[in-house]
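Everything on this sheet refers to the single structure shown next.
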Amino acid sequence: LQNLSKELDQCQKKLSDYLERKRCLFPRFFFISDDELLYILGSSDPTKIQTHMLKLFANAKALKFVRGNTAVGGMASTKQETFDFKKVIKIEGKVEEWMNDVEAEMKSSLKMITKEAVFKYANEKRTDWIFDN
């Protein structure tokens with residue numbers, strides 16, 4: 001019985017180390033519990049991450065999956081605001097890898113959308129600009 005307890009402790013330690021490595025590769029995984037992270041890592045369905053989006057990104061409710069759930073094309077907020085990525089992110093490889101790509105594209109796309117909106121502000125009527133942006 002003591003031997004089984006020792007083996008269980010070793011197994012738990014290895015699992016904790018594994019989850020820590022995954023969290024270091026995608027730091028936003030620190031915002032979710034071990035059980036939630038195991039659920040994401042243990043699934044081959046990329047849409048399973050949807051239920052945890054609010055914990056991973058502030059006010060980001062969902063990813064917009066495209067091409068038969070093989071790519072991410074945008075995001076949606078809790079207020080039903082949406083935006084499309086400037087570049088579609090393919091879902092391939094490990095979840096922490098493509099989620100890093102999603103985060104980078106989110107930042108890049110929002111930066112570009114903001115730049116475009118600021119540029120258009122000087123060239124459009126204010127009411128039109130508000131409703132278009």
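Side notes on the structure shown:
- Enumeration of residues in the range 88-121 that are within 14 Å of the chain's Cα centre (by Cα), open to solvent by less than 100 Å² (accessible area, probe 1.4 Å) and among the charged types (D, E, K, R): Glu96, Glu97, Asp101, Glu103, Glu105
- Checking Glu124 against (1) open to solvent by 30 Å² or more (accessible area, probe 1.4 Å); (2) free of Cβ contacts under 8 Å to residues at least 24 places away in the same chain; (3) part of a helix (DSSP H, G or I), the condition it does not meet: (3)
- Restricted to the range 68-87, and to residues there that are part of a strand (DSSP E or B) and of a type in the set (S, T, N, Q), the residue that is least open to solvent (accessible area, probe 1.4 Å) is Ser77.
- Test: Leu25 is in contact with a helix residue (DSSP H, G or I) (Cβ under 6 Å, 6 or more places away or on another chain) and under 14 Å from Glu97 (Cα atoms): yes
For every residue, the table says whether it meets (1) modelled with pLDDT of 95 or more; (2) hydrophobic (A, V, I, L, M, F, W, C).
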{"position": "Ser43", "(1), (2)": "no, no"}
{"position": "Lys48", "(1), (2)": "no, no"}
{"position": "Thr51", "(1), (2)": "no, no"}
{"position": "Ala58", "(1), (2)": "no, yes"}
{"position": "Gly68", "(1), (2)": "no, no"}
{"position": "Val72", "(1), (2)": "yes, yes"}
{"position": "Ala76", "(1), (2)": "yes, yes"}
{"position": "Lys79", "(1), (2)": "no, no"}
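- Within the range 20-67, considering residues that are in a helix (DSSP H, G or I) and among the β-branched types (Val, Ile, Thr), the one most open to solvent (accessible area, probe 1.4 Å): Thr51
The values are calculated or read from the model by the stated rules, or taken from the named source; none is laboratory data. The model shown is predicted, which means the values in this text are computed figures rather than measured ones. FYI the Cβ positions are ideal-geometry reconstructions off the backbone, even for glycines, and counts take in every protein chain you see. Remember, those area values only see protein heavy atoms, side chains included, never the ligands or the DNA or RNA. Shrake-Rupley method; radii C 1.70, N 1.55, O 1.52, S 1.80 Å.
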